[in-house]
Each structure stands twice: as structure tokens, then as C-alpha cells.
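Remarks on the structure that follows.
The values are calculated or read from the model by the stated rules, or taken from the named source; none is laboratory data. Computed from a prediction, not measured in an experiment: that's the story for all the values here. We place every Cβ from the backbone using ideal geometry, glycine too, and count neighbours over all the protein chains shown. Accessible surface areas use protein heavy atoms only, side chains included; no ligands, DNA or RNA. Shrake-Rupley method; radii C 1.70, N 1.55, O 1.52, S 1.80 Å.
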Amino acid sequence: MRYADGGGLTPKQRAMREQVRCEAAELFVHGVAPPVVARRLRVSRKSAYAWYAAWREGGAEALRSKGPSGRPSRMKPEWRVWLERALEEGPAAHGWAEDQRWTTARVGVLVARRFHVRFSDVQIWRILHQMGFSVQVPVHRAAERDEAAVAIWVKEVWPRVEKTVRDQGAWLCFEDESGQSLRPPKARTWSRRGHSPVLRVSGKGSGRVSVAGMVCTRPGGRTRLVFRMLVHHGRKGEKKGFREPDFAALLDAAHCQLGSRTVLVWDNSTQHKDTAMRELLATREEWLTVFRLPAYAPDLNPAEGVWAHLKKSLGNLAAGTTDQLAAHTRTRLKRMQYRPHLLNGFITETGLTLTPP
């Protein structure tokens, strides 16, 4: 990591640079040569020799920071506080309802409206960078989501889930479904600048692979992934997706593999709560306890992390047939079965970790 001399640094970066200079001054006192100082502190030789010359003239005090160079910024500290709050409110709150993107041009307009001072796009970029903002891909969240209901579930229902798992010595299983067609997710790849890479994929739209999976965990046990696949080739009379008996078979398979009572947590899909499913669950009450997640809360289900990891690994996959897609999907899911730490990461990401007894 190189530390450059010049303006445009945040107070934290300026303090880090001053700390490096003080370390250089200590080394100079002990007779360490500038090239060795540059190598130890991972700075350029030019900076090391410049610091050495300044140190010989004025001692360690000459290497202390003299504050930001150049003219003072027109973006006052109290303006930055207001801008941070405005950015967190979102573009829609300030008149941009057609899409939810903050661009440097929009931020510049926002500042000009409020403080009647115009900044260029480059200046806005630098200001946002100094404030700790960066360009990121947003996480989509359903507009129908009830944040209050999600908070109540985490506060009231989740402790009941934990208590049931501890009292019964049961496995906690999160279930979800996903699917993948022959059109793979897009992923980044190297290509000559100015020439977009072209990936030839199948134009058929009828083939599809459906997967139902369960992330199973228990304090002191190895986290496991149990899944079942359904391949749809687009033929007449072929099953297109999982039905209630398929979910029941998945639960039975997980119970046989885990060999213990099971606490199931899944969403409010129609096939999870209709009459046929309730009847199937009733015949398994001896070893199965069911809790339902709040509506539109996929972030509380670690199985969603499994699907995200799976789709990322299938990026740019040029599968020619549905059977090839199914083979690749099965291989990647089996790899995850042998990586319990990865599955633990998906659970940790939800914030619903089991506390040790």
C-alpha cells in the first residue's frame, strides 16, 4: 500500500500518513538508510528520500502533517451531515421516482438545490468517497414486505424456535426451492477493451431444473445440506415442479439422514400451507415441528444463500441440454455438502444463529 503526498485525503488517511512518517523518523534516528525505510514501510524510494531530507533539516517535527493542502473545501462539514441523511432517504424522497439510483449528477443537483453551490461530477465523487460512500449493487427487497412483522418474528418467534430445538435436541432445518433454466446467469469475464464478450447459449426455453433444499444445523453437529432435484424437459405430461408429496418425501429423507427430531422453518408458499400439505405434516407430528417465516423475508432463510452461491457458480455456463444443466447443478450442490463452513456462513448471514445451551 502506497501513501501519496498531496491533498484530497480524509482526516483518517492523513493521520495514517503522519503515522508512517513518524515511523520513518524513528528508523532514521537509528541509522536506517532511506531505501531500507522504503522497503519496510512499503512506500516509494522518492518519498523515503524526501522524508530523510526533511528530517535532516528539521527533525521529526518536520515530518508531521501540516493539514490539507490547497484551498479549503467549499463542502462544509454541516453540509456533509445533511447530505448523508438525504442520501439515506433515497432518490424517491427527493423527486427521482422513475428509478432508485444515486448518480454523481443527481447528487450535484441535490446539493445545488439545498446550498446553491454547484460541484462537478468529479468533485461530487471525491466528496462521496471522503464521506465513506462507494458505488454498490443494491439488494432488492419486496415493497410488500412488512418490516414491523419481520422484527416481531425475530424478537418473539425465533426465541421459541431456539427453545424448541434445545428442549427436543432436534435439528433445525431451513427449507426453500429454486430453479434454473438453460439461460445461465451472467458473470464477469475478461475480454478485449471495447469488445463485449459473446457467450453462445441454448435458445430453448422449455428446459428447467428445479431444486428443493434444506440447510440443517444443530449445536455441536456438522451443518448439512439435503436436496432433491426435478428435471423438466418440456415434454407433455411431465411434472413441472415440486408438489406436496415431493416436499413430504424430502422431509422424510432428511429425517432418515439426521436420525433425530426436526424443527422445520420455511416460507408461506401456497404448497407449504394448503390442505394437502397440512395433512401430510400432521402424520409426521411425532418428530416434526413447523414454524413459518414472515412474508417477503428471504433474507432470514439461509437456503437463499445456497441458491445465490449456486447461481454464481453457474455463471456463463454454456449447457447444451437440460440434462447437462442438471448434472452441473447436482455437482455444485454436492460440493457444498462437503463444505459445512460455507453452509454455516449462510446461516450467520441471516443473523439467526443458535446460541449454545
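Summary of values
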read-out	value
Heavy-atom SASA rank of K66, K186 (probe 1.4 Å, accessible area, largest first)	K186, K66
Distance violations [Cα-Cα > 22 Å] among K239/K312; K186/K236; K239/K273	K239/K312; K186/K236
Pairwise FRET efficiency - E286 versus K163, Cβ, R0 = 25 Å, nearest 0.05	0.85
Computed over the stretch 118-261, the ratio Rg/Rh where both radii use C-alpha atoms and Rh is Kirkwood	1.11
Convex hull volume of the chain per residue (C-alpha atoms, cubic angstrom)	242
Of all accessible heavy-atom area on the stretch 151-283, the percent that carbon and sulfur account for (1.4 Å)	49
Difference of contour (0.36 nm per residue) and Cα-Cα distance, N344 to E26	109.9 nm
Cα lying deepest toward the dipole's positive end in the chain, options I152, G315, V32, charges on Cβ	V32
Total charge dipole magnitude, the stretch 228-318, about the Cα centre, Cβ charges on Lys, Arg, Asp, Glu only, Debye to nearest 20	380
Solvent-accessible surface (1.4 angstrom probe) belonging to D323, in square angstrom, nearest 10	90
Segment A97-V198, extension gain: residue separation times 0.36 nm, minus the distance between their alpha carbons	33.0 nm
For the stretch 150-233, alpha-carbon Rg over 2.2 N^0.38 Å	1.74
Contact order normalised by residue count of the chain, Cα under 8 Å, 6+ apart, percent	15
Magnitude of the charge dipole, the chain, Cβ model with Lys/Arg +1 and Asp/Glu -1, debye to 20	1880
Spin-label model distance (nm) - V117 vs H140, 7 Å beyond Cα toward Cβ	3.9
With DNA, RNA and ligands ignored, accessible area of D274 (1.4 Å probe; Å², nearest 10)	40
Gain in span if fully extended, Y49 to K186, counting 0.36 nm per residue against the direct Cα distance	44.5 nm
The chain - mean residue ellipticity at 222 nm from DSSP helices (-39,500 (n - 2.57) per run, n ≥ 4, rounded to 500)	-13500 deg cm²/dmol
Residue-level accessible surface for S44, protein heavy atoms, 1.4 Å, Å²	40
Residues of the stretch 153-197 with amide N under 20 Å of the 7 Å Cα→Cβ point at R235	180-182
Accessible area in the full protein assembly, largest first, 1.4 Å probe, for Y52, Y296, Y338	Y338, Y296, Y52
log10 of Debye I(q)/I(0), alpha-carbon scatterers only, for the stretch 62-169 at 0.17, 0.23 Å⁻¹	-0.90, -1.30
For the stretch 211-328, accessible area per residue (1.4 Å probe, heavy atoms of protein chains only), Å²	47
